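Student: So that we are looking at the same thing, I have put the structure below in structure tokens.
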Amino acid sequence: MKRFLKIFSAVLFAVMLISVFVFLWQKTRPVKAVYAIVEPKVDTIRQFVVATGKVEPRDEVLIKPQISGIISEVRKEAGQKVSKNEVIATVKVIPEMGALSGAESRVSVAEISLAQVRRENSRTETLHAKGVVSDEEIEQSRTALKKAEEELQNARENLEIVQNGITNRYKELSNTQIRSTIDGMILDVPVKVGNSVIQANTFNDGTTIATVADMSNMQFQGNVDETDVGRLKEKMPVKLTIGALQNVELAALLEYVSPKATEDNGVILFEVKAAVQVPDTIFVRAGYSANANILVESREGVLTVPESTIEFEGEKSYVYVLSGNADVEEQTFEKREVRTGLSNGIDIEILSGIVAGEKIRGAKEDKKR
């Protein structure tokens, strides 16, 4: 029994020793590099400059009152369309007591003056009928009467303006009715009935009654880095992608590149603007964030390869061209210098060095042989 155990232990030790040697031998075997084979292809290379920003209406107007008072009626709300001169809200005037007292006093004085002129005109008419006064005197009397009547009318209208901010004769032109100054859509109505508002004047911007914008005329406003701005020119085509609109790409046209930079957290940026072409079937809301891909250069029908296949050494570029059969176990490559052109970050243009149909070395795949 003891002899059997000794033999078994020796055999087991030998097996384990052989297994260790086999494992170490396999680990020390050289790994042969196997590369994917890539063929150059004729394609189009486009180079873009990316600008980040948002889409805003080109014409956005703040509607402000021309008179101070309290909002008595709001006729529109955000999202509704309005036409030019359409009433958005109505302001009730709170009269200033000094101005009200002066207007009432003016009406009283005008009534007293009119009564006196009427009495004088009546006497003059009687004397003129008897031939006592001349035609010139009666004309002067009648003119004085008309002036007194007009003065009373003006005084009463002034009192109406002080009290109500409106007169019956010019109610269509009253500044108590806040009207839209453009055709468009209401983006915001920040006031409610009962809010006090201040008129726009030299010293005050006034209270905003509503924000109105033409949503059919949209504009992209964004920023580009200083390293890219030198390549931009007006009238360049732009592809606009909006995060809120999935699978939608809008066409635009670059129309403005700022001549002055702004600094944001140490980064120098230049503002750019582009006119956006929005189809009738798509509704773009004001303030959508967007990315603009500005096409700065395009090459069509050129020979291209993946940029990862290019090896750069100083100012020279090289590729490894397959010199043998791609099906054999051992891959052999010839290092060849090439001239490169435009790159889009993925593919690169080949100007010379290789031709279509040749096979070049691609990504590396490690395998044991």
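The values are calculated or read from the model by the stated rules, or taken from the named source; none is laboratory data. Predicted model only: the values in this text are computed from it and were never measured. Ideal geometry is used to build each Cβ from the backbone, glycine not excepted, and the neighbour counts take in all protein chains shown. SASA here: full protein model, heavy atoms, side chains in, ligands and nucleic acids out. Shrake-Rupley method; radii C 1.70, N 1.55, O 1.52, S 1.80 Å.
Student: For segment 66-96, which positions are assigned to a loop (DSSP other than H, G, I, E, B) and under 27 Å from the mean Cα position of the chain (by Cα)?
Tutor: 76, 77, 78, 79, 80, 83, 84, 85, 86
Student: Another one. Restricted to segment 327-339, and to residues that are open to solvent by 40 Å² or more (accessible area, probe 1.4 Å) and not charged (D, E, K, R), which residue is modelled with the lowest pLDDT? Full working, then the answer.
Tutor: Restricting attention to segment 327-339, the residues satisfying the condition of being open to solvent by 40 Å² or more (accessible area, probe 1.4 Å) are 327-337, 339.
Then drop every residue that is not not charged (D, E, K, R), which leaves 328, 331-333.
Working: 328: 55, 331: 73, 332: 80, 333: 80.
Filtering segment 327-339 for residues that are open to solvent by 40 Å² or more (accessible area, probe 1.4 Å) and not charged (D, E, K, R), the one modelled with the lowest pLDDT comes out as 328.
Student: Out of the residues in segment 125-150 that are assigned to a loop (DSSP other than H, G, I, E, B) and not basic (Lys, Arg), state the one that is farthest from residue 106 (Cα to Cα).
Tutor: It comes out as 131.
Student: What number goes with the only condition from (1) touching a Lys or Arg at 6+ places or on another chain (Cβ under 8 Å); (2) among the hydrophobic types (A, V, I, L, M, F, W, C); (3) surrounded by 14 or more Cβ atoms within 10 Å (Cβ to Cβ); (4) part of a loop (DSSP other than H, G, I, E, B) that residue 254 does not pass?
Tutor: (4)
Student: Where in segment 259-369 are the strands (runs of 3 or more DSSP E), entirely inside, with at least 2 residues that are under 30 Å from residue 52 (Cβ atoms)?
Tutor: Filter on segment 259-369 gives 267-277, 288-306, 333-343, 347-352.
Student: Another question, then. Does residue 342 satisfy the criteria of being within 23 Å of residue 257 (Cβ to Cβ) and open to solvent by less than 50 Å² (accessible area, probe 1.4 Å)?
Tutor: Yes, satisfied.
Student: For segment 176-199, give me each residue that is in a loop (DSSP other than H, G, I, E, B) and open to solvent by less than 50 Å² (accessible area, probe 1.4 Å).
Tutor: The answer is 176, 180, 182, 189, 191, 194.
Student: Right, here's the next one. Among the residues of segment 37-69, how many are more than 30 Å from residue 361 (Cα to Cα) and either free of Cβ contacts under 8 Å to residues at least 24 places away in the same chain or open to solvent by 60 Å² or more (accessible area, probe 1.4 Å) (or both)?
Tutor: Counting residues in segment 37-69 that are more than 30 Å from residue 361 (Cα to Cα) and either free of Cβ contacts under 8 Å to residues at least 24 places away in the same chain or open to solvent by 60 Å² or more (accessible area, probe 1.4 Å) (or both) gives 8.
Student: Quick one: residue 153 ticks every box in (1) open to solvent by less than 30 Å² (accessible area, probe 1.4 Å); (2) at pLDDT 80 or above; (3) part of a helix (DSSP H, G or I) except a single one, so which number is it?
Tutor: Exception for residue 153: condition (1).
Student: Scan segment 259-280 residue by residue and report those that are more than 17 Å from residue 217 (Cβ to Cβ) and either open to solvent by 60 Å² or more (accessible area, probe 1.4 Å) or not small (Gly, Ala, Ser) (or both).
Tutor: Within segment 259-280, 259, 260, 262, 263, 264, 265, 267, 268, 269, 270, 271, 272 meet the criteria.
Student: Do you know which residues across segment 200-238 are open to solvent by less than 60 Å² (accessible area, probe 1.4 Å), of a type in the set (Asp, Glu) and outside any loop (DSSP other than H, G, I, E, B)?
Tutor: Of everything in segment 200-238, those that are open to solvent by less than 60 Å² (accessible area, probe 1.4 Å), of a type in the set (Asp, Glu) and outside any loop (DSSP other than H, G, I, E, B) turn out to be 225, 228.
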